[in-house]
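To start, the structure under review is shown below, and the notes come after it.
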Amino acid sequence: MSVRFKESLMRRTPPPAALALIIAAAVMALQSLLLPLFAAPAANLGPRDLPVVVTGPAPAVAAFTARITAADPDAFEVTEVADAAAADAAVRGREAYAAFVLGPQGAQLHVASAAAPAVASLLTVAAQQLGAGGPPVAVTDLAPLPADDPHGGGFASGFFPLVITSILAAVALFFAVPRFGARIAGLLAFAALSGTIGATVLQGWLGVVGGEWLPVAGVIALITLAISATVNGLASVAGPRGIGLGAALVLLVGNALGAVGAAPELLPQPWGQFGQWLPIGAGATLLRSVAWFDGAGGTPAVWVLSAWAAVGLALVGLGWLGRKEDAPQDAPGAEAHEAARRLGATVAG
């Protein structure tokens, strides 16, 4: 760096006091964006076109639908099905969060707390209110959470370390591994190890995830590959700025809108559905589907995560090709000329 360039750079740099104020103002501007991003969805949780099914005699179904939609017509999306078996199949297939079975003895509520504990609790309270003055509503949990995590807090909390370590792996590989093939191998190896360790800890040790070990490990591997490949790919084409962009997109926006501990239909729309197009939201949905519902309802999330992983790996290759093209090419005979120069210097010495 020349002295003239250094002097020019120093002239362009604000005085320390002004620079401190600029940094403080920039961070405060970021804070003003993050506060509503995280606080607003949590403060405005509520059902928005939450899918439920109902079955029973036609007059009872009509009366029930009128009552449940009276307070807020947009809260629930009510679908009538033929019988109790069809209602339970809709819940187990993740087509609905709950089923109301109406009969001569009163109403029954069938929920799946593993799909969304917050929704199961909300519908249980709503059912008791609807049944006020009559026989109590019997509640059956078709897909309960594990005994070691009855409220689902462990599932939601265990998701965050997967995100953090994926970003750290992406950053470490970006700075430490310049070669394309080695970097791709590192991302794939990290995903495989993350799936193995993650499933063993969350399922075998802590007991906060259900299902078979191998599918759960595969889902965790896909989640961590989607996140790490995305951040590393953006860094490969945009440098360190890409790390900030990837972390902001995956961690800040994705975590706020992912509905890991809730449900997309409880968040303000369209942000709840938008979160399902990001790795965290899609990953939480897929992991729940594989862990408790034999994969039902998880196909869209598989495509979303696979797309993020594929685009991220493609960006890694694109960044490597860009650096390769920008690298100065050796002139013909330059290597031989350098060898001759060194030999001449040795002989002269």
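Descriptive notes on the structure:
- Note on Ala20 and Trp277: the model spin-label points, each 7 Å out from Cα along the C-beta direction, lie 4.4 nm apart.
- Taken along its principal axes, the alpha carbon cloud of the range 82-153 reaches lengths of 36, 26, 16 Å, longest axis first.
- Here the translational diffusion coefficient of the range 194-244 follows from Stokes-Einstein with Rh set to the Kirkwood radius across Cα pairs; for 4 °C and 1.567 mPa s it amounts to 108 µm²/s.
- Förster-model FRET efficiency, 51 Å R0, Ala82 and Ala172, C-beta, rounded to 0.05: 0.40
- Computed on the chain, the Cα convex hull volume stands at 202 Å³ per residue.
- Isotropic mean projected area of the C-alpha convex hull, the range 121-248 (nm²): 10.1 nm²
- Across Ala24, Ala70, Ala40, mean-square fluctuation computed from a Gaussian network of the chain (C-alpha pairs under 10 Å connected) peaks at Ala24.
- Only Cα sites of the range 183-279 enter the Debye sum here, all with the same form factor; the resulting log10 I(q)/I(0) across q = 0.17, 0.19, 0.23 1/Å is -0.88, -1.01, -1.13, listed in q order.
- Cα gyration tensor, the range 6-128 - rounded (a/c under 1.5), prolate or oblate: prolate
- When the Cα positions of Ala98, Ile227, Gly158 are compared along the charge dipole of the chain, Ile227 comes out farthest toward the positive end, with charges on each C-beta of Lys, Arg, Asp and Glu.
- Taking amide H as placed 1.01 Å from N in the peptide plane, Phe76 has its amide H under 5 Å from the amide H of Asp49, Leu50, each at least 5 places away in sequence or on another chain.
- Taking amide H as placed 1.01 Å from N in the peptide plane, the amide H of Gly152 sits under 5 Å from none that are at least 5 places away or on another chain.
- The simple Förster model, with R0 at 45 Å and r as the Cβ-Cβ distance, assigns Ala40 and Ala185 a FRET efficiency of 0.65.
- Computed extension length for Asp49-Ala138: 29.7 nm, one decimal, from 0.36 nm per residue of separation with the Cα-Cα distance subtracted.
- DSSP H segments from the chain that extend 24 Å or more along their own axis, Cα-based, with Kyte-Doolittle mean of 1.6 or above: 16-43, 153-176, 213-238
- Largest GNM mean-square fluctuation among Asn255, Asn232, Asn44, using the chain with Cα springs under 10 Å: Asn44.
- Rg over Rh [alpha-carbon atoms, Kirkwood Rh] for the range 170-219: 1.15
- Of Val111, Val101, Val81, the one that fluctuates the most in a GNM where the chain has Cα springs shorter than 10 Å: Val81
- Cβ-Cβ distance of Gln128 and Ala58, R₀ of 22 Å, FRET efficiency by 1/(1 + (r/R0)^6): the value works out to about 0.35.
- Each peptide among 150-156, 60-66 gets the average number of other Cβ atoms lying within 10 Å of its residues, and from highest to lowest they stand as 150-156, 60-66.
- Entry note: the range 62-189 has Rg to Rh equal to 1.23, where both radii use alpha-carbon atoms and Rh is the Kirkwood radius.
Since every read-out is calculated from the coordinates, none of them should be taken as a lab result. Everything numeric in this text was worked out from a predicted model, so none of it was measured. Because the Cβ atoms are built from the backbone with ideal geometry, glycine has one as well, and the counts that use them run over all protein chains shown.
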